[in-house]
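Let me begin by presenting the structure, written as structure tokens, before commenting on it.
The values are calculated or read from the model by the stated rules, or taken from the named source; none is laboratory data. Please read these numbers as outputs of a predicted model, since none were measured by experiment. Note: ideal-geometry Cβ built from the backbone for every residue, glycine included; neighbour counts use all protein chains shown.
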Amino acid sequence: MILDRIDSPDDLKRLSINELIQLIQELRAQIVEVVAKNGGHLASNLGVVELTIALHYVLNPPQDVIVWDVGHQCYAHKLLTGRRRSFVTLRQDGGIAGFPRREESVYDAFNTGHASTAISAALGMALARDLRGEEGVIVAVVGDGSLSGGMAFEALNHAGHLKKDLLVILNSNEMSISPSVGALSSYLNRLLTMPVYNRARQDIEALLKRVPRVGPKMVTLKRRVEEAVKHLLIPGALFEELGFRYFGPIDGHNLSNLIETIKRVKEMKEPRLIHVVTKKGKGYLPAEENPSWFHGSGPFDPTTGKPMPSTDPPTYSEAFGEVMVELGREDPRIVAITAAMAEGTGLDAFQKSFPNRFFDVGIAEEHAVTMAAGMAVKGLRPVVAIYSTFLQRAYDQILHDVCLQNLPVIFAIDRAGVVGEDGPTHHGVFDIAYLRHIPGIVIMVPKDEMEFRAMIKLALSLERPVAIRYPRGRGLGVILEKKIELGKAEILREGRDGTILAIGRMVYPALDVAEELSVEGIEIGMVNARFVKPLDEDLILSISKEKPVVTIEEHVCAGGFGSAVMELLARNNIRTAVKSIGLPDRFIEHADITALHRRYHLDKDGIWQELSTFFKRKD
């Protein structure tokens, strides 16, 4: 295999074009094989194999820098930069990450995981390069989806204004090029990137400038004519207006053309953008036909592309989609909003049922929240479904545009808690801390999928902002739905020796442990707190006056549910022993959810160890 000979990008430069083409197939096969076992982002990675090879073939990393926006398309990059032997550990506990990590390789220039950040980071690196008098090409590889995030345009605008030496590669995988447009574009780009053309262009402008009085005007006219012709034939007007030389669109699967274009464009010393068009899932038919499922898939059968069969209960996301459709039929005021995650959040079902009341804003969480605020002002009941880790980006809008006006916007916070193999950029373990100090907001955490349904119904009855955080993964198969009351917890077990206050998916394992400790003579009460804000203050104060309390949450302890309980006790001068079980003050690494729960004592065994030690010590 050609891949067996690749230990660094330098090894690529010794290969012929035919060998590089063979390498393309080998990379795709290796990516499919590993993702089928480990899960991961398949479609996006298969689409950029040729582009990744071309970049490493032409450039000289790590002196030349490649910043991958989001980073969910970096698998071929990892295979070509010394990690082919460890690639089988992708996204596994102790293995290599599914996103670029500077700690992992000198070829990973910037840690990414959220969209629309690469151009800003690359511009910062270009500025630092120039200030330090260094050399090197700085490249940002950005998908078309990331351009729906305003930060990308802020960076493009600034880079074009500064006229810095920066190369942006826009990977468009949501469009196709007709053969005629592709051929014309290819010809024009070969012409526009030729050194002879660019030298002649500069010489002509220099000559025109020497013409007395009318010279500068002639240069301006010449540029306008040149750009007008280009804009008629190629779709780069927007980027040209932002100050970038635009080249494209070109076929992102034509390796020779990619190499030729990058070679020529990299020598320019101005902001420039190469627009490549690729196909998601390229080379693997199931991913080509269903790129949405293979965007971030679990393990699957590589022969058929079918996910591994499961008889487990529905996921929380599926339960959310189901209840949203039910409630949408009852109340025409309900609208659903998401940020490029219709299927991931389960809102695709609502979209099919109520297409005029569903809004996917793209990767623009800030816009989603303020748009929801505008809808609420005019009497609608917006439900904003965004993953916990991505809702962080809209903090200011939540605070100022929703909560300051006390608007009835519901935040369905999916993927709250640890999410597993996607790692620290995706764990939703900070949302309680960044929400609970905001005046007026209600924060709920369901213990199971039926309580989740009840919370959505309660939220829609309230005339105020509400956040409901719920985990990634499947429910528990609970059938009975109970009505819940605002700010009221649920007592699951009485206990003379102390009380556990738990939220979310920590409730059931904690209840099991309380039952087991009863056999050893330790009688611990169990409360499903349900609400982080408002807390059930009367209940918590009554059980805490003379008995120790343990709080358990799948969230960082700093600023979390346990902190809220301790603040309540302190305000009321309740002096009792309190133990908070949660995640530590650190970024949580990637591993499967079960392993992470075990590591941080959030599984049944870990909770048993923590509680038995704590309550025995109180004796």
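When restricted to residues that are closer than 21 Å to residue 144 by Cα and either in contact with a helix residue (DSSP H, G or I) (Cβ under 7 Å, 6 or more places away or on another chain) or not assigned by TED's automatic domain parsing to the domain that holds residue 386 (or both), the stretch 322-343 contains 5.
There is no residue in the stretch 281-298 that is among the basic types (Lys, Arg) and surrounded by fewer than 21 Cβ atoms within 10 Å (Cβ to Cβ). With the structure loaded, tell me whether residue 419 is crowded, with 18+ Cβ neighbours inside 10 Å, farther than 22 Å from residue 371 by Cα, among the hydrophobic types (A, V, I, L, M, F, W, C) and under 17 Å from the mean Cα position of the chain (by Cα) or whether it fails that test. Spelling it out, residue 419 is indeed crowded, with 18+ Cβ neighbours inside 10 Å, farther than 22 Å from residue 371 by Cα, among the hydrophobic types (A, V, I, L, M, F, W, C) and under 17 Å from the mean Cα position of the chain (by Cα).
Of the set (1) at pLDDT below 95; (2) of a type in the set (A, V, I, L, M); (3) surrounded by fewer than 24 Cβ atoms within 10 Å (Cβ to Cβ), all apply to residue 404 but (1). Would you mind finding the one in 96, 138 that is free of Cβ contacts under 8 Å to residues at least 24 places away in the same chain, in contact with a helix residue (DSSP H, G or I) (Cβ under 8 Å, 6 or more places away or on another chain) and surrounded by 17 or more Cβ atoms within 10 Å (Cβ to Cβ)? Exactly one residue qualifies, and that residue is 96. Note on the stretch 390-423: residues that are among the basic types (Lys, Arg) and part of a helix (DSSP H, G or I) total 1. Scanning the stretch 422-474 for residues that are of a type in the set (D, E, K, R), surrounded by fewer than 17 Cβ atoms within 10 Å (Cβ to Cβ) and in contact with a strand residue (DSSP E or B) (Cβ under 8 Å, 6 or more places away or on another chain) yields 464, 474. Just one of the numbered conditions (1) assigned to a loop (DSSP other than H, G, I, E, B); (2) charged (D, E, K, R); (3) surrounded by fewer than 23 Cβ atoms within 10 Å (Cβ to Cβ) is not true of residue 130: (1). Among residues of the stretch 352-370 being touching a helix residue (DSSP H, G or I) at 6+ places or on another chain (Cβ under 9 Å), in a helix (DSSP H, G or I) and of a type outside the set (D, E, K, R), the one that is nearest to residue 341 (Cα to Cα) is 368. Given the criteria over 13 Å from the mean Cα position of the chain (by Cα), surrounded by fewer than 19 Cβ atoms within 10 Å (Cβ to Cβ) and part of a loop (DSSP other than H, G, I, E, B), does residue 379 qualify? So residue 379 passes the test. Answer with yes or no whether residue 166 is among the hydrophobic types (A, V, I, L, M, F, W, C), modelled with pLDDT of 95 or more, closer than 18 Å to residue 65 by Cβ and touching a helix residue (DSSP H, G or I) at 6+ places or on another chain (Cβ under 6 Å). Considered against the rule, which asks whether it is among the hydrophobic types (A, V, I, L, M, F, W, C), modelled with pLDDT of 95 or more, closer than 18 Å to residue 65 by Cβ and touching a helix residue (DSSP H, G or I) at 6+ places or on another chain (Cβ under 6 Å), residue 166 comes out as yes.
If the condition is being without any contact (Cβ under 8 Å) to a residue 60 or more places away in the chain, within 25 Å of the chain's Cα centre (by Cα) and surrounded by fewer than 24 Cβ atoms within 10 Å (Cβ to Cβ), then the stretch 20-69 contributes 30, 34. Condition test on residue 17, is it in the same structural domain as residue 251 (by TED's automatic domain parsing), over 25 Å from residue 294 (Cα atoms), within 17 Å of the chain's Cα centre (by Cα) and not aromatic (Phe, Trp, Tyr)? Against the criterion (in the same structural domain as residue 251 (by TED's automatic domain parsing), over 25 Å from residue 294 (Cα atoms), within 17 Å of the chain's Cα centre (by Cα) and not aromatic (Phe, Trp, Tyr)), residue 17 does not qualify.
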